[in-house]
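Take a look at the structure set out below.
A short reminder: the numbers here are calculations on the coordinates, not readings from a lab. Everything numeric here is computed off the predicted structure, so don't read it as measured data. Here the Cβ positions follow ideal geometry from the backbone for every residue, glycine too, while neighbour counts run over all protein chains shown.
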Amino acid sequence: MGTAPVVTIHLPGPLRPYCAGVSRLAVAASTVRAALDRLEQDQAALYRNLCDETGALRRHLNVFVNSDNVRDLAGVETTLKEGDVVTFLPAVSGG
Amino acid sequence: MADRVLLTIGTRKGVFVAEAKKARRSFALRGPFGPGVPVYSTLVDDRGTPRVYASSCNPFFGMKLLCSTDLGKSFKETAKAPEFPKDDGRALANIWSLEMGEAKGELLCGVEPASLFRSHDRGDSWEMVQGISNHEHARKWQPGAGGLCLHTIIRDGSRWHLGISTGGHYLSEDGGQTFRASNTGVGAGFAPDPYPEFGQCVHKIARHDDAPGRLYMQNHGGWADWTGPGGPRPDIGVLRSDDYGHSWRSIAKGLPSDFGFSIVVHPHDADTVYVLPLEPATRTCPGGAPAVWRSENGGDSWSRLSHGLPKKETYFTVQRDAMTIDGLKTPALYFGTTTGQLWMGREGGESFECLFDSLPPIHNVKVAVV
């Protein structure tokens, strides 16, 4: 079994207070779900902003792998490869 | 010595705090805190050094609880907000009510989907109150237009009253261990059975310490003209109980509408109660002319209070937690509107003036003398 690829997670400003102010994190994960599981372990406060108690991604949050919304890929089961950039962004909504 | 009046104003765009001297001649506004995020519940916990709490219901990143230890000059998130156990299957969608618990530092929090949580450490950690959150009816309650919310928490020693929309009134007589639906006389308009065991759309419940067995309820009225199964059910919207919430009877006669959201009891007179009737179809003030209605005899008769309020072309809604009254010797009534106005009615509502007229839509107004 190989080592999981290391990806970079980019975080918008409102999420940075939940991970010591950093704007990016390096995580070893082979899928988006695995990356979220890693964050649940290592960055619990940040994770609660991304997923609800059932583990579902928050409804108004978009996740991109490089330039693609995971909604157009395989959702949280989207596979990651070394060097991928995972970006969490609030959806354009509200008023 | 308590010498300041503190208003907490939960809005669609954060929480504001307004402060005045006891004469209430002018209020200084600060905020918004938690900017851009809806706030549906606030609480001034005045046991010891006052703390101001506000729910911050972030549609993007989930629910937070904000706390201020400097009378609303600054707020910080508590360590945690309530959350359902991971294997429960429910996820927190909103925070609708905050109340003081029995012990110092204890808080109670009503949420959506309708459940109750308790904190023993001023909101840094939470436990689910199982007796209501996992009540045998809990998975049968249905959301109203505002969501499935537990919005009213009233403690009277070991007797607890909860208001759930739509679930009804639930009563505990063992300090919150167990609850039962207690809705005898509480009508429902949106089901064939006009008086079901549970499932009523209770909007708000209020009481006074001097009359512990008496409760007032603003229920979901507006069903006088219903001609379907079960027949019409007039006057089910404003109710009173004289037996600790075991049974209820209508006190809506004399009001222009039995629909409304908020209900408030005078701080020094258990017989004086206030409602703000709304048209059921539009949920705005009847005839476009807003008025608070007051009863000084426990609901036997009502009088209209509108001095200072607009006389026409006014179509706001006042939500369930957006009307309150302070505890001063000559109390002032306050209500906030969905059009962002905050009104104060001096002399218990005899004469109204607009304190702020362009806030974001207002969900919640609380007041304390600190």
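Round to a whole angstrom and tell me the spacing of the C-alpha centers of region B:27-75 and region B:286-324.
28 Å
Suppose only helical runs count, i.e. DSSP H with n ≥ 4. What mean residue ellipticity at 222 nm does that imply for the protein assembly as shown under -39500 (n - 2.57) per run, divided by all residues and rounded to the nearest 500 deg cm²/dmol?
Computed ellipticity for the protein assembly as shown at 222 nm equals -1500 deg cm²/dmol.
A:Val6 versus B:Thr184, label points 7 Å from Cα toward the beta carbon: distance in nm?
7.1 nm
Given a Förster radius of 25 Å and the C-beta distance between B:Ala23 and B:Asp70 as r, what FRET efficiency does 1/(1 + (r/R0)^6) yield to the nearest 0.05?
Efficiency for this residue pair is about 0.65.
I want to check the label-to-label distance for B:Asp269 and A:Lys81. Put each point 7 Å from Cα in the C-beta direction and report it in nm to one decimal.
7.8 nm
Say R0 is 45 Å: what FRET efficiency, to the nearest 0.05, do B:Ala289 and B:Asp174 get from their beta-carbon distance?
Rounded to the nearest 0.05, the efficiency is 0.45.
How large is ³J(HN,Hα) for each residue in region B:299-311, as worked out from phi by the Karplus curve 6.51 cos²θ - 1.76 cosθ + 1.60 (θ = phi - 60°), to whole Hz, x for Gly and Pro?
My calculation for region B:299-311 gives x, 5, 8, 9, 10, 8, 10, 9, 4, x, 8, x, 9 Hz in order.
Over region B:250-370, what is the relative contact order in percent, taking alpha-carbon pairs closer than 8 angstrom and at least six residues apart?
21 percent
Give, as a single signed number, the net charge of other residues whose beta carbon lies under 14 Å from the beta carbon of B:His307, with Lys and Arg counted +1 and Asp and Glu -1.
Charge balance in the 14 Å sphere: +1.
With 10 angstrom as the radius, rank B:Cys201, B:Cys109 by how many other C-beta atoms surround their C-beta, starting from the fewest.
B:Cys201, B:Cys109
Which three extents, in whole angstrom, do the alpha-carbon atoms of region B:78-131 cover along their principal axes, largest first?
On the principal axes, region B:78-131 reaches 32, 20, 18 Å in Cα extent.
Using amide H atoms built in the peptide plane, which far-off residues or other-chain residues are under 5 Å from A:Leu61 H to H?
A:Ala91
For peptide B:55-61, how many partner chain Cβ atoms fall within 10 Å of a residue's Cβ, on average?
Averaged over the peptide's residues, the number is 6.
Quick check for you: which residues of region A:7-42 have the amide N under 13 Å from the point 7 Å beyond the Cα of A:Leu89 toward its beta carbon?
Within reach of a label on A:Leu89: A:10-13.
For region B:285-367, which trypsin sites (Lys or Arg not before Pro) pass both filters: DSSP loop (anything but H, G, I, E, B) and at most 12 other C-beta atoms within 10 Å?
Here the sparse-neighbourhood loop sites are B:Lys311, B:Lys312, B:Lys329.
Sorted from fewest to most neighbouring beta carbons within 10 Å, what does the list B:Glu279, B:Glu136, B:Glu102 look like?
Ordered by Cβ neighbours within 10 Å, fewest first: B:Glu136, B:Glu102, B:Glu279.
Please compute the modelled spin-label separation between B:Asp243 and B:Asp300, points set 7 Å along Cα→Cβ, answer in nm with one decimal.
It is 2.1 nm.
Which entries in the list B:Lys86/B:Lys366; B:Lys86/B:Lys204; B:Lys13/B:Lys140; B:Lys13/B:Lys366; B:Lys253/B:Lys311; B:Lys204/B:Lys312 go over 21 Å, if you measure between the two C-alpha atoms of each?
Flagged as over cut-off: B:Lys86/B:Lys366; B:Lys86/B:Lys204; B:Lys13/B:Lys140; B:Lys253/B:Lys311; B:Lys204/B:Lys312.
Please list, ordered by chain and number, the residues whose modelled amide H lies under 5 Å from the amide H of B:His203; skip anything fewer than 5 residues away on the same chain.
Counting only residues 5 or more places away or on other chains, the set is B:Gln218, B:Asn219, B:His220.
When only alpha-carbon atoms count, how far does chain B stretch along each of its three principal axes, as whole angstroms with the largest first?
53, 53, 39
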